[in-house]
Amino acid sequence: MIGCGGQQEVAQIPVPDLWTDGVLFSSGPVALRRLEEADCTDEYVSWLQDDTVNQYLETRWLAQSLESVRAFVREQRSRSDVLLLAILVEGDRHVGNIKVGPVNTRHDYGDLSYFLGAKDVWGRGLGSAAVRAACAVGFELLGLNRLQAGVYEQNTASIAVLEAAGFQHEGRFRQQLVGPHGREDHVWLGLLRTEWQTADPT
Ligand SMILES: CC(C)(COP(=O)(O)OP(=O)(O)OC[C@H]1O[C@@H](n2cnc3c(N)ncnc32)[C@H](O)[C@@H]1OP(=O)(O)O)[C@@H](O)C(=O)NCCC(=O)NCCS
């Protein structure tokens with residue numbers, strides 16, 4: 001997010017060692033682990049090229065290829081203010097990604113973004129489970145005070161996922177985005193650590 005409260009400098013995430021490659025953070029039906037270059041498969045590229053998956057993702061503005069996704073993963077892994085995580089189900093099946101960050105450790109907040117590329121797993125509560133797991137990473141493991149996410153107003157599934165995790169609607173930037181059906185508001189939701197601690201986990 002750009003602005004006087006936005007990310008001006010890279011800040012160190014306090015516990016990067018926790019995300020040694022291969023370590024799993026399990027929560028309900030999903031597990032998260034740090035995304036590796038080896039996760040960049042043709043299937044991963046096909047997710048990003050899928051018009052239904054990418055209609056609300058900024059990745060749709062750029063051509064995607066194995067090389068471009070590998071470069072993206074390398075760049076994200078080199079950053080100390082971002083945790084880019086693979087969403088795993090049914091053991092080790094990689095079905096999408098979730099990112100905690102950029103994190104601002106001066107103000108203790110971080111952005112959250114995610115997608116499930118494997119459409120056959122949509123509608124089973126896995127997006128919600130992944131967001132809840134990433135909230136646990138942000139609040140418990142990284143010690144953040146706040147997580148926030150920006151969503152196209154027509155992306156009702158994504159808004160429902162955030163609401164189910166306890167996120168509150170905080171703001172709306174009118175017609176900030178060009179969506180699949182025209183201009184859309186950019187809706188911002190946020191969750192505080194205190195709200196997360198008292199939320200009903202069901
Ligand atoms: C958004 C996304 C993560 C949702 O994941 P999911 O696993 O299908 O969602 P869940 O099964 O956890 O459902 C969560 C809620 O969304 C609702 N929902 C699911 N699909 C929906 C749809 N197409 N339209 C409206 N609501 C929908 C569910 O009913 C559920 O609501 P409830 O908690 O009130 O019952 C997934 O569809 C996705 O990755 N989409 C493409 C990428 C994307 O848009 N990412 C988010 C960018 S901000």
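Look at the alpha carbon pairs under 8 Å that are at least 6 residues apart: their mean separation over the length of segment 44-202 gives a relative contact order of 17 percent.
In plain terms, the chain from residue 92 to residue 67 could stretch by 6.7 nm, reckoned as 0.36 nm per residue minus the Cα-Cα distance. Bridge orientation summary for the chain: considering DSSP beta bridges with both residues in this region, about 90 percent are antiparallel. Model label sites at residue 80 and residue 42, defined 7 Å from Cα along the beta-carbon direction, differ in position by 4.0 nm.
How would you classify segment 136-191 from its alpha-carbon gyration tensor, with a ≥ b ≥ c the square roots of the eigenvalues: rounded for a/c under 1.5, else prolate if a/b is greater than b/c, otherwise oblate? Prolate, since a/c reaches 1.5 and a/b exceeds b/c.
Inter-part distance, segment 64-138 to segment 166-188, computed on C-alpha centroids, equals 21 Å. The phi-based Karplus calculation (6.51 cos²θ - 1.76 cosθ + 1.60; θ = phi - 60°) puts the 3J(HN,Hα) values of segment 43-56 at 5, 4, 4, 5, 4, 6, 8, 7, 5, 7, 5, 8, 4, 10 Hz, whole numbers, x for Gly and Pro.
What does the charge count near residue 88 come to, summing +1 for each Lys or Arg and -1 for each Asp or Glu among other residues with Cβ under 13 Å from its Cβ?
Taking every Cβ under 13 Å from that of residue 88, the sum is -1.
Here the 3J(HN,Hα) profile of segment 67-79, calculated from phi with Karplus coefficients 6.51, -1.76 and 1.60 at θ = phi - 60°, is 5, 5, 6, 4, 4, 4, 5, 4, 5, 5, 5, 7, 8 Hz, Gly and Pro shown as x. Expressed in Å, the radius of gyration and Dmax of the Cα atoms of segment 30-175 are 14.7, 41.
Readers should treat all values here as calculations from the given coordinates under stated rules, not as data from a laboratory. Quick caveat, the model's predicted, so the values are computed rather than measured. Cβ atoms come from the backbone with ideal geometry, glycine included; neighbour counts cover every protein chain shown.
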